[in-house]
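Working notes for the structure below.
The values are calculated or read from the model by the stated rules, or taken from the named source; none is laboratory data. All figures in this text were calculated on a predicted structure; none of them were measured in a lab. Positions of Cβ are generated from backbone atoms using ideal geometry, with glycine treated the same way; all protein chains shown enter the neighbour counts.
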């Protein structure tokens, strides 16, 4: 069984202000994405599909080529606003891609039966990829598809420099998701951790709440309903020209319709990411600590070349 990792790398990073996907944080200039690739290869993934914007493809190819060499199969696909179903148009007001679920659709022809999906600008930890690999290898054919979501404690995913958006996970005693709630502008304040739901309601959150950071284990069963959902999204013609078609929202709707099951996987590893530029020094320091402890090599390029 071929395990494929789809890396969503087409984001504009408007709040960050520059190409966050390749922002150097490691001792030898490694990006967060590079550590995810390293962990995925260690977990048995043998193919990577990068979803990129055309204008950054060459930069991404050069970076990935320098890192990986020929140690793993790689493919690049484009996410553009005009990647829409027949009969639909992006419209002249649309200048950026349609979000993470749209990005996933662009990779549909490049994945095998099972695959994982991650963000390029997030660090998930070795255990997360190992858990996904193990679960995906054991997936059985079923009338009700089973997917997987790696969850992290909310308190470890916040930024002291501004509010963040997270998908809040509600799950049963067996670890199966019962609800995904999109919450925006989450920040730690004097009154605790507060956020705002999609309908504008204020929500008090606990630091131990489990949230999605967009690390998924899926099968090709996801694509047909996802395509129909995207067509419906376009048909409804969102008034907000910045509106996005997101994986948590799409799979949350599929879950509500009882068409799928999603098992929440926990990991002892911490998530890392950079919503704001001010987050970078802390992330770089944490990466250096992992390297000092021997959990990651000082130079990822050398380690990949040794694997080829």
- the stretch 180-233: strands (runs of 3 or more DSSP E) wholly inside it with 1 or more residues that are closer than 17 Å to residue 256 by Cβ and touching a strand residue (DSSP E or B) at 6+ places or on another chain (Cβ under 9 Å) are 192-197, 210-219
- Task: State all residues of the stretch 152-177 that are free of Cβ contacts under 8 Å to residues at least 40 places away in the same chain, touching a strand residue (DSSP E or B) at 6+ places or on another chain (Cβ under 7 Å) and loosely packed, with under 15 Cβ neighbours inside 10 Å; if no residue qualifies, say none.
- Result: 170, 172
- Message: What are the pairs with Cβ atoms under 8 angstrom where one residue, in the stretch 1-18, is at positive phi and at pLDDT 85 or above and the other, located anywhere, is surrounded by 15 or more Cβ atoms within 10 Å (Cβ to Cβ) and not in a loop (DSSP other than H, G, I, E, B)? Sequence gap at least six, or different chains.
- Response: none
- crowded, with 19+ Cβ neighbours inside 10 Å, within 30 Å of residue 228 (Cα to Cα) and modelled with pLDDT of 90 or more: does that describe residue 287? no
- Subset of the stretch 104-133 (residues that are part of a helix (DSSP H, G or I) and farther than 30 Å from residue 156 by Cα): 106, 108, 109, 110
- (1) in contact (Cβ under 8 Å) with a residue 60 or more places away in the chain; (2) at positive phi all hold for residue 200 apart from (1)
- Message: Looking only at residues that are over 26 Å from residue 208 (Cβ atoms) and surrounded by 19 or more Cβ atoms within 10 Å (Cβ to Cβ) in the stretch 240-253, which one is modelled with the highest pLDDT?
- Response: 250
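Yes/no matrix, rows are residues, columns are (1) within 18 Å of the chain's Cα centre (by Cα); (2) more than 26 Å from residue 84 (Cα to Cα); (3) modelled with pLDDT under 95:
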residue	(1), (2), (3)
179	no, yes, yes
217	yes, no, no
221	no, no, yes
238	no, no, yes
- Subset of the stretch 165-179 (residues that are part of a loop (DSSP other than H, G, I, E, B) and either touching a helix residue (DSSP H, G or I) at 6+ places or on another chain (Cβ under 9 Å) or closer than 8 Å to residue 263 by Cα (or both)): 175
- State the number of residues belonging to the stretch 36-75 that are farther than 20 Å from residue 113 by Cβ, at pLDDT below 90 and part of a loop (DSSP other than H, G, I, E, B). 3
- Mind checking whether some residue in the stretch 122-145 is closer than 25 Å to residue 243 by Cβ, buried (at least 17 other Cβ atoms within 10 Å of the Cβ) and in contact with a helix residue (DSSP H, G or I) (Cβ under 7 Å, 6 or more places away or on another chain)? yes
